1. Select from the range 314-333 the residues that are surrounded by 15 or more Cβ atoms within 10 Å (Cβ to Cβ) and within 15 Å of ligand 2 (Cβ to nearest atom) and write down the one among them that is nearest to residue 34 (Cα to Cα).
2. Exactly one of (1) within 21 Å of residue 102 (Cα to Cα); (2) touching a Ser or Thr at 6+ places or on another chain (Cβ under 7 Å); (3) modelled with pLDDT of 95 or more; (4) surrounded by fewer than 23 Cβ atoms within 10 Å (Cβ to Cβ) is unmet by residue 165. Its number?
3. Counting only residues that are part of a loop (DSSP other than H, G, I, E, B) and within 13 Å of ligand 1 (Cβ to nearest atom), which one in the range 340-358 is nearest to residue 369 (Cα to Cα)?
4. Of the residues 105, 98, 153, only one is in contact with a Phe, Trp or Tyr (Cβ under 6 Å, 6 or more places away or on another chain) and surrounded by 22 or more Cβ atoms within 10 Å (Cβ to Cβ); which?
5. Cβ-Cβ distance below 9 Å, separation of 6 or more or different chains: which pairs start in the range 229-253 with a residue that is farther than 21 Å from residue 354 by Cβ and end on one that is of a type in the set (A, V, I, L, M) and surrounded by fewer than 17 Cβ atoms within 10 Å (Cβ to Cβ)?
6. Only one of 219, 202 is within 16 Å of ligand 1 (Cβ to nearest atom) and crowded, with 19+ Cβ neighbours inside 10 Å; which?
7. So, of the residues in the range 266-299 that are within 14 Å of residue 27 (Cα to Cα) and touching a His at 6+ places or on another chain (Cβ under 8 Å), which turns out to be nearest to ligand 2 (Cβ to nearest atom)?
8. For residues in the range 291-309 being of a type outside the set (Gly, Ala, Ser) and more than 10 Å from ligand 1 (Cβ to nearest atom), which is surrounded by the fewest Cβ atoms within 10 Å (Cβ to Cβ)?
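The values are calculated or read from the model by the stated rules, or taken from the named source; none is laboratory data. Quick caveat: nothing in here was measured; it's all calculated off a predicted structure. Using ideal geometry, Cβ is built from the backbone for each residue, glycine included, and neighbour counts are taken over all protein chains shown. Ligands, DNA and RNA are excluded from the accessible area calculation, which covers all protein heavy atoms including side chains. Shrake-Rupley method; radii C 1.70, N 1.55, O 1.52, S 1.80 Å.
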Amino acid sequence: MNAWTGMPAKKTIPMNKHPNIKKRIALELFRSIKRNRAKIHELHTLFWECTLRCNMSCRHCGSDCPASPAVPDMPVEDFLKVIDGITPYVEPGKVLVLFTGGEALVREDIEECGLELCRRGYPWGVVTNGYLMTRERLDSLLASGLRTATISLDGLEEAHNWLRRDPRSFERAVDALCMLAEEKEIAWDVVTCVNQRNFKELMLFKDFLIEMGVKRWRLFATFPIGRAAGERDLWLTNEQFTWVMNFIRFCRKEGKMHVSYSCEGFLGNYEAEVRDSIFQCDAGIHTASIRADGAISGCPGIRADFHQGNIYKEDFIDAWDHAFKPYRDRRWARKGECADCKMFRYCEGNCMRLRDDGGNLLACHYKRLVDK
Ligand code: SF4
Ligand code: SF4
């Protein structure tokens, strides 16, 4: 039994450091799929950062959003104008609109917007810390057409409350999970930020989630951006990060719940083993976001230097079709650590969120796995 994760020892033998020949063939084949996807850039997911207000002050928050932000909430009608501009160019049923924040549920007019999205044929969902998900609120969201929900739960009670800096946050998030577990009509999952405080209890936490009726669980690691930049103790060591990959691989083989690592980061020999597909940063290719101030971006959390216009000045679909070259052609990212990296042809410079204002790389998942 491994002392860190509780996994059977034989299941935790680390993989080869670099992609083996079989993996290389798969990566090569996927390159042409990626190129084609970038060329077509079909929009699949549109995030709306509907507020920067938040009811928590989490230690790892990538948005670093204050309780009373300088940027006011965007009116629903402004967002719907964007939707109406997009509608002639997409199949609404194939574009998932996700409300994010801040904390999306602090807005009381989510339902109003959701109903309008339904009327236009768009599925929609919410990413939330679950604190405000009462029975009444969930009923109201469901009555407005809610189709997906993601709840953030960062470990068992002590670890979660520590990260969220709120003694009731675990209880409230778990209440939300209990309610969602009874709903058969919507797709929902749990997302967990793995850090020093919850790392050693991952196996126990997994069993807890299964017990709660959770069917899908996504994990991600903390990187030095936003509020987490000042919280060094949140970052995993390279060795721990590698064990997280082994843990996910073990859970996937175990098959009791769908477990995956989040989309961020090229993972070398773990590619296609800890997620359903090979790494591609979908930002600007299948994923776009509208920030609270109207900025058009590829994915929530990407820095201002990668914004591609603003809905208050530009037409969204025009920006989507013509302004996203830095997302679709990543040759510019071949600098610094990436300049002579043999994996660049598959990785293309990693997750766009992990680039600073100057486009410099903040973290390389692959190197964490091979340098341990
Ligand atoms: S920017 Fe990162 S989190 Fe966003 S789609 Fe790309 S890989 Fe995923
Ligand atoms: S150095 Fe750059 S290209 Fe190479 S694996 Fe890391 S992020 Fe990807």
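1. Among residues in the range 314-333 that are surrounded by 15 or more Cβ atoms within 10 Å (Cβ to Cβ) and within 15 Å of ligand 2 (Cβ to nearest atom), the one nearest to residue 34 (Cα to Cα) is 330.
2. Result: residue 165 passes all but (3).
3. Selected residue: 350.
4. After applying the criteria, what remains is 98.
5. The qualifying pairs are 246/13.
6. Testing whether each residue is within 16 Å of ligand 1 (Cβ to nearest atom) and crowded, with 19+ Cβ neighbours inside 10 Å leaves just 219.
7. Checking each candidate, the answer is 266.
8. Ranking the candidates gives 305 first.
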